[in-house]
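Below is one structure, written out as structure tokens, with a few remarks after it.
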Amino acid sequence: QVRVVESGGGLVQAGGSLRLSCTASGSAFSIYDMGWYRQAPGKQRELVASVSNGGRINYADSVKGRFTISRDNAQNTVYLQMNSLKPEDTAVYYCNVKFLFNNYWGQGTQVTVSS
């Protein structure tokens, strides 16, 4: 079992920035595939950004050039730096861990962008 904990959400004005953090338990963090997803009210959960254990990074088209995902294996942490935030980025953001064919999720952190 992997415990996943997100932090860093909040309320920000359009054009502002936030940094989300996600810490996952376990000594095998370096081989976890990590991702950030989000779910807005009435919408399906969608992938925002991911970073594999080998460092391969993917972004949703809607956040390319504005969001940056990174990982610190020594701290068991993955980050999502979000710049130039838009009202449409408002959602609950979830951290995901893929490990040994299992998916683990955090409880989510709310990001609200006001116009």
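The values are calculated or read from the model by the stated rules, or taken from the named source; none is laboratory data. A quick note: this is a predicted structure, and the numbers were derived from the prediction, not measured. For the accessible areas, the whole protein counts, side chains as well, though only heavy atoms, and no ligand, DNA or RNA atoms are used. Shrake-Rupley method; radii C 1.70, N 1.55, O 1.52, S 1.80 Å.
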Once phi is turned into θ = phi - 60°, what whole-Hz ³J(HN,Hα) does the Karplus curve with 6.51, -1.76 and 1.60 give for every residue of the stretch 79-91, x standing for Gly and Pro? 10, 10, 8, 10, 10, 6, 5, 10, x, 6, 7, 4, 4
Semi-axes of the stretch 63-115's equivalent ellipsoid from the Cα gyration tensor, sqrt of 5 times each eigenvalue, largest first, rounded to whole Å? 24, 14, 9
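Please report the carbon-and-sulfur percent of the accessible area for the chain; probe 1.4 Å, protein heavy atoms only, DNA, RNA and ligands left out. Don't skip to the answer; put the middle values down first.
Working: 2890 of 6140 Å².
Carbon and sulfur together cover 47 percent of it.
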Note, the stretch 18-27: 3J(HN,Hα) by Karplus (6.51, -1.76, 1.60, θ = phi - 60°), whole Hz, Gly/Pro = x, goes 9, 10, 9, 10, 9, 10, 10, 7, x, 8
Need the list of aspartates and glutamates near LYS98 for cross-linking: C-alpha distance under 14 angstrom, and skip anything on the same chain fewer than eight residues off. ASP33
Probe 1.4 Å, heavy atoms of protein chains only: per residue, the accessible area of the stretch 1-110 in Å² is 54 Å²
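Taking 0.36 nm per residue of separation and subtracting the Cα-Cα distance, what length does fully extending SER7 through ARG56 add? Can you show the working numbers first?
On the way: separation 49, 0.36 × 49 = 17.64 nm, distance 2.33 nm.
Full extension from SER7 to ARG56 adds 15.3 nm.
Where Rh is the Kirkwood radius over the Cα pairs of the stretch 1-76, the temperature 4 °C and the viscosity 1.567 mPa s, what D in µm²/s does Stokes-Einstein return?
Values: Rh = 13.8 Å.
Translational D for this selection: 94 µm²/s.
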Return the Cα extents of the stretch 2-42 along principal axes one, two and three, sorted largest first, each rounded to a whole Å. 38, 24, 14
